[in-house]
Amino acid sequence: MRMRSLTPTLFLVTAACGGALRLPESKVPVCVEPSVARTAWQNPLSHLAVATGEPVHSGEDVVIQPGAAVTLAGKFAYGPTSKDLEYEAVTAFLEDDPAGCSWSRLDTVLTDSDGRATVQVPGGALTAPGMYQFRFVVHGDQSEATARVWVVEPGTKAVLFDIDGTLTRADLELVGDAVVFTVGSSSELLFELAGSPLSRTQWMFGLERVVNEPQAHEGAFELAHRWASQGYLPIYVTGRPYLFDAITRRWLDEHLPAGPLFLTHGVEESMPSGVVAYKRDTITHLSAVGIEFEAAYGNAATDVCAYAEAGLDPSATYIIGELGGTACPGYGPTQAVESYPEHMASMPY
């Protein structure tokens, strides 16, 4: 249960059961977290999915203009093999006010054969700029997929950040470990697919660094907070697949300023052959919504080309590591970053 300090007045808290709790003026409101009654699994095979391990559900952050319609999406799976939860009931809830503690119960839908579910929010529902949390609650075990809707005015200034190798010190988390963790295997076929010469031991060592506490570049957190303090919206676009959603959000919330998070939909998009298109298309969509990128940070060749192909200015693209200053074919050179403390020393604020 989450507490928020709000001006004493009469508040209407929309509870998951569909009722309402009217609080006296003298009381500090308690935000009632949405929930659903636990029910039996509808699909007789669902207990097999649940038996594979802990939930690895994820929600997809969305950026929209005020008043726009929005589709809320969730992915529901279990265990290191990401076993899909198929044809099971989930209920979606959305915060009514980014500054309040009122939730609306939207709709109950069934997941599909890929363990995915979507719910439509009509235009006019979210009109005030801000961050609105949403969540899907699984009826069978009350586990959740959570994410956020970001309502932004056209022309919102933003700064783009990759995560692995850019905010963290190593790129090891990005490809090989995601494959092993996703499929629970280290077969030669998967090593070939990942394009990595690493051994299973090396892959799993890297995975521990993702799951536990990845080491950040010196000054990485301060850099993001400095941009945010000047009114820029941080946006995190990573090649990590969806099953890293919960641990990635937790790490960001603990260390970095709030901003939209975008992960790939699967391992294929995390591969070098897919991540350029994924990042390019994500950035292009954000630009179409009205986001204006002041700067972009990355470390890999895939970042260099994805950013350039999406129309970001290479002279405002900062690449840390050995690829700093390189260019995507047909585009201008990026800016090399030796270290973030040194980079911040040259910033005007």
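Could you run the Debye sum over the Cα atoms of region 263-342, one equal point scatterer each and no solvent, and tell me log10 of I(q)/I(0) at q = 0.18, 0.20, 0.23, 0.27 Å⁻¹, two decimals?
-0.72, -0.86, -1.07, -1.26
Please sort 140-149, 108-117 by packing, taking for each peptide the average over its residues of neighbouring beta carbons within 10 angstrom, highest first.
The packing order, highest mean first, is 140-149, 108-117.
For region 130-147, what does the Karplus curve 6.51 cos²θ - 1.76 cosθ + 1.60, with θ = phi - 60°, yield as ³J(HN,Hα) per residue in whole Hz, taken in order and with x for Gly and Pro?
Once θ is set to phi - 60°, the couplings for region 130-147 become x, 9, 10, 7, 9, 8, 10, 10, 7, 5, x, 9, 6, 6, 9, 10, 10, 6 Hz.
Enumerate the amide H contacts of R116 below 5 Å, restricted to partners 5 or more residues apart or on another chain; note that Pro and chain-start residues carry no placed amide H.
Answer set, sorted by chain and number: F76.
Treat each spin label as a single point 7 Å out from the Cα along the C-beta direction, and report the R250 to S35 distance in nm.
In this crude spin-label approximation the distance works out to 2.1 nm.
Taking the square root of 5 times each eigenvalue of the Cα gyration tensor, what semi-axes in Å does the equivalent ellipsoid of region 39-151 have, largest first?
Semi-axis lengths for region 39-151 are 28, 12, 12 Å.
Search the structure for amide H atoms under 5 Å from the amide H of H217, placed 1.01 Å from N in the peptide plane, and list their residues when 5 or more places away or on another chain.
Under 5 Å from the amide H of H217: T168, R169.
Could you rank the peptides 59-65, 335-341, 324-330 by their average count of other C-beta atoms within 10 Å per residue, with the highest value first?
Put in order of decreasing packing, that is 59-65, 335-341, 324-330.
What is the set of long-range amide H partners of K83 at a cut-off below 5 Å, with H atoms built 1.01 Å from backbone N?
It is Y78, by chain and number.
Bear in mind that the values in this text are calculations on the coordinates, not laboratory data. Please read these numbers as outputs of a predicted model, since none were measured by experiment. Reconstructed Cβ throughout: ideal geometry from the backbone, glycine too, with neighbour counts over all protein chains shown.
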